[in-house]
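The values are calculated or read from the model by the stated rules, or taken from the named source; none is laboratory data. If you're wondering where the values come from, they're calculated on a predicted model, not measured in any experiment. Positions of Cβ are backbone-derived with ideal geometry, glycine not excepted, and every protein chain shown enters the neighbour counts.
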Amino acid sequence: MTFILCIETSTTNCSVALAKNGVVQTIKEDYSAEYSHAERLHQFIDEIIKEANISFTDLSAIAVSKGPGSYTGLRIGVSAAKGLCYALDIPLLSVPTLLSLASQVIIEDGGYIIPMLDARRMEVYSSVFSDDLVEIRKTEAEILSEHSFEEYLQKNTTYFIGNGVKKFSGICNHKNAKFIEKKLPSAKEMAIISFSKYLKEEYENVSYFDPYYLKDFVLG
């Protein structure tokens, strides 16, 4: 039996989930507009362990959202995850933030999934995935224009998700563009991804692991 504690703090959503064999057992989230990670994260972790009626020593691993995203949010989440791994002597797993965000989209008739996170002004962090969540374009920081992602939009229906969608929906009128608004990365989607990585022993080095910031520090 594998218990993995999943931590997601890359955006304003402070999200913690406990998964057993890749299935979420309980989850705590705070979708407030302001960052609450410093106040909520450890509270959520303690509450989840108590509600699941297990102890910290029952955990098999800690999974953390690796970025990109908010510098401060990622730093808080990774610090908490590494602290737990050190204290419990268990593995650290990292989950690409844009992959877990893309996992919220279910496609039945093919197409592309483009998760995008706000990077201030008209810039976003984005990646491109196939309908079966294979990354076909690496994560980039880019300034949006009306011609962004045309190579995918011309080929098939393209689903955009994340807090960067509002920016792009205002300038993109392509018929193949589908916008999924008001969605943020969540620890829920980390469950199955982290379990798969655990089974493959794709662990991070706790001493040297850092979040994937993508850009130099910008407060927020």
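For region 181-195, does any single residue satisfy the condition of being at pLDDT 95 or above, under 26 Å from Val23 (Cα atoms) and over 16 Å from the mean Cα position of the chain (by Cα)? No, region 181-195 contains no residue that is at pLDDT 95 or above, under 26 Å from Val23 (Cα atoms) and over 16 Å from the mean Cα position of the chain (by Cα).
Number of residues in region 7-34 that are charged (D, E, K, R) and touching a Phe, Trp or Tyr at 6+ places or on another chain (Cβ under 9 Å) equals 4. Evaluation of Glu151 against the conditions (1) more than 30 Å from Gly22 (Cα to Cα); (2) in contact with a Ser or Thr (Cβ under 8 Å, 6 or more places away or on another chain) shows that the sole unmet condition is (2).
Highlighted here are the strands (runs of 3 or more DSSP E) found entirely within region 101-211 that include at least 3 residues which are of a type in the set (Ser, Thr, Tyr) and more than 20 Å from Ile7 (Cβ to Cβ): 123-130.
Out of Ala33, Ala38, I need the residue that is free of Cβ contacts under 8 Å to residues at least 60 places away in the same chain, outside any loop (DSSP other than H, G, I, E, B) and among the small types (Gly, Ala, Ser). Which one?
Numbers: Ala33 fails: outside any loop (DSSP other than H, G, I, E, B).
Answer to the check: Ala38.
Taken over region 63-91, the criterion of being crowded, with 18+ Cβ neighbours inside 10 Å and on the phi > 0 side of the Ramachandran plot is satisfied by Gly67, Gly69. Check region 135-154 and report whether any residue there is surrounded by fewer than 19 Cβ atoms within 10 Å (Cβ to Cβ), on the phi > 0 side of the Ramachandran plot and of a type outside the set (Val, Ile, Thr). No, region 135-154 contains no residue that is surrounded by fewer than 19 Cβ atoms within 10 Å (Cβ to Cβ), on the phi > 0 side of the Ramachandran plot and of a type outside the set (Val, Ile, Thr).
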